[in-house]
Structures are given as structure tokens and as C-alpha cells.
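Written below as C-alpha cells is the structure these notes are about.
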Amino acid sequence: MHIYQERGNRLRPTVSPAVRFKGSSKAIFYLAGKMKAEKKDRNQQNTPSGSARKKFEVDMYTWTAFDEVEEWDLDRMSIDEREIVYETGALALGRATDIEIYQVMAAKHTSAAAGLDFSAGAFNAANALTLCSVLQQDKVPWDGNVYCGLPSLQWNQLLGNKVVNSAYHVGSDIPFVKATDTRFWNGVNWFLFEEEEAQDL
């Protein structure tokens, strides 16, 4: 469980956890719309804002990553060997989590995103700012909880832009000083997200 939570996936921390569970079959989430504040005079009754708030349920499934170790071998395995067995299972479950999340996002892909395909050339800071602008115009809260996973080529192309890696723009958190596969820039958590197996994503 520890390996799965810490290293087994990239997308699980980017989604909201369930508010509660119904037995072991449903996860419960709530979606709330915006509310408008209004002026109030003395002795004036409050009126409901009528903002939408709804509960929705998601089916839960059991996943397994199964391997076999003979009892004869188990008694003779070192701690390091056992860790390898745990790690391969945890990473397999982590990849399954990422694929599930990615498939839901891909199903929500709309024709409105048709003009946001930057695969014809190098992915640069201007392309990244265009993506940010579209989200901001769509009233997405700019609260640091926006994420964008990039394949290795686009990730490295983005980091090649001076505006992304210059201390004048991002302070002391320079990627060449602090090697990392995540980068917080312009309100977005950019991260390296390369598929493990071809056609995973």
C-alpha cells in the first residue's frame, strides 16, 4: 500500500477523494455550483440562492495484481527480494489507476479542444499559456490545483523555454538546479507523464 500511494501512480493525487462510501460498491461525491451573495436590509428575509448541489455515485471495482511465490522460495528470500515482489504489484495497480483516470478524461474530450492540438511543432511557453487562458476563460478556479501531464518530448521542450526556467520568472525553483519531474509554473502543476506501455494512454 505504501509503495502504491507514494510511487505507484501519477494521476491519483490530482483527483478529489470520495466524500463517503456506500458499502463496498459505491463511492459518493458531491458537486456544487456557485452561489451569489446579495445585500440584505434589516428585517429582510433570506432567500435561497438556488445554487445547484448534487450527489453522484461511482461504481467501485476490485483490482488485483497477482503473483506467485512458492513457500519453499519464500522462506529463502531476502527482504530485498520480497520488496521487488511488492513493488511490481504496487506499480501495476498504480498504472491501472492512471489508465482509469486518463480514460475518463479522454471520454470528456470535446470538439472545443480541437484548436488546442500543438503536436505539429515544439511545445513552447506560448502554447502552455494558451491552454491556461482557455481554462481561465472557462472559470476554472486558479487555486494551484490545475495539472498538466506532458509526454517526455513536450516536457523537455517546455523546460527549454527561458520564461519557464528563468529565476526572474519563477524565483529560486529552477529545474536545472533542482532536478525533478514536476514543475509549478503560471498556476499549473506541469509534470512528466510518459506511458509505461505503448497505447496505455
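Between His109 and Val140, what is the FRET efficiency for a Förster distance of 22 Å, r being their Cβ-Cβ separation, to the nearest 0.05?
The calculated FRET efficiency here is 0.90.
Shape verdict for the range 108-147, please, from the Cα gyration tensor: rounded (a/c under 1.5), prolate (a/b greater than b/c) or oblate.
Note, shape of the range 108-147 comes out oblate.
Set the Förster distance to 30 Å, then compute FRET efficiency between Lys54 and Leu116 from the Cβ-Cβ distance, nearest 0.05.
After rounding, the FRET efficiency stands at 0.55.
Helix 79-107 versus the longest principal axis of the chain: what angle, 0 to 90°, nearest 10, using Cα atoms?
Tilt relative to the chain: about 30 degrees.
Quick one: if the Förster radius is 45 Å, what FRET efficiency do Arg76 and Tyr147 give, using the C-beta to C-beta distance and rounding to 0.05?
Efficiency for this residue pair is about 0.55.
For the chain, what's the relative contact order in percent, using C-alpha pairs closer than 8 Å and at least 6 residues apart?
It rounds to 20 percent for the chain.
Which one, (i) -0.39, -0.88, -1.13, -1.20; (ii) -0.44, -0.97, -1.24, -1.31; (iii) -0.41, -0.79, -1.02, -1.10, gives log10 I(q)/I(0) by the Debye sum over Cα atoms at q = 0.08, 0.13, 0.16, 0.17 Å⁻¹ as derived from the coordinates shown?
Structure-derived value, by its label: (ii).
Expressed in nm to one decimal, what extension gain is obtained for the pair Ser16 and Ile3 from 0.36 nm per residue of sequence separation less their Cα-Cα distance?
Answer, rounded to one decimal: 2.7 nm.
With +1 on each Lys and Arg Cβ and -1 on each Asp and Glu Cβ, and nothing else charged, work out how big the dipole of the range 96-164 is about its Cα centre, in Debye to the nearest 20.
Using only the charged Cβ atoms, the result is roughly 200 debye.
Springs between alpha-carbon pairs under 10 angstrom, Gaussian network model over the chain: which of Glu81, Glu57, Glu38 fluctuates most?
Result: Glu38 has the largest fluctuation of those listed.
So what's the net charge close to Arg7: Lys and Arg +1, Asp and Glu -1, counting the other residues with Cβ under 14 Å from its Cβ?
-3
Need the full-extension length gain, Thr88 to Glu194, defined as separation in residues times 0.36 nm minus the C-alpha distance. One decimal, nm.
Result for the pair: 36.4 nm of gain on full extension.
Which of Arg20, Arg95, Arg76 moves the most in a Gaussian network model of the chain with Cα springs under 10 Å?
Result: Arg76 has the largest fluctuation of those listed.
Quick one: pull the percent of accessible area on the range 1-154 belonging to carbon and sulfur, 1.4 Å probe, ligands and nucleic acids left out.
54
Would you work out which of Pro13, Ala27, Gly50 lies farthest towards the positive end of the dipole of the chain, given +1 charges on the beta-carbon of Lys and Arg and -1 on that of Asp and Glu, about the Cα centre?
Farthest towards the positive end: Gly50.
Calculated from DSSP H runs of 4 or more alone, at -39500 (n - 2.57) each and per residue, what is the 222 nm mean residue ellipticity of the chain, nearest 500?
Rounded to the nearest 500, the figure is -10000 deg cm²/dmol.
Would you mind checking the tilt of helix 125-137 against the longest principal axis of the Cα atoms of the chain, expressed as 0 to 90 degrees and rounded to 10?
Compared with the principal axis, the helix lies near 50 degrees.
The values are calculated or read from the model by the stated rules, or taken from the named source; none is laboratory data. The structure displayed is predicted, hence computed values, not measured ones. For neighbour counting, all protein chains shown are included, and Cβ atoms are generated from backbone atoms with ideal geometry for every residue, glycine included. The accessibility values were calculated without ligands, DNA or RNA, using every heavy atom of the protein model including side chains. Shrake-Rupley method; radii C 1.70, N 1.55, O 1.52, S 1.80 Å.
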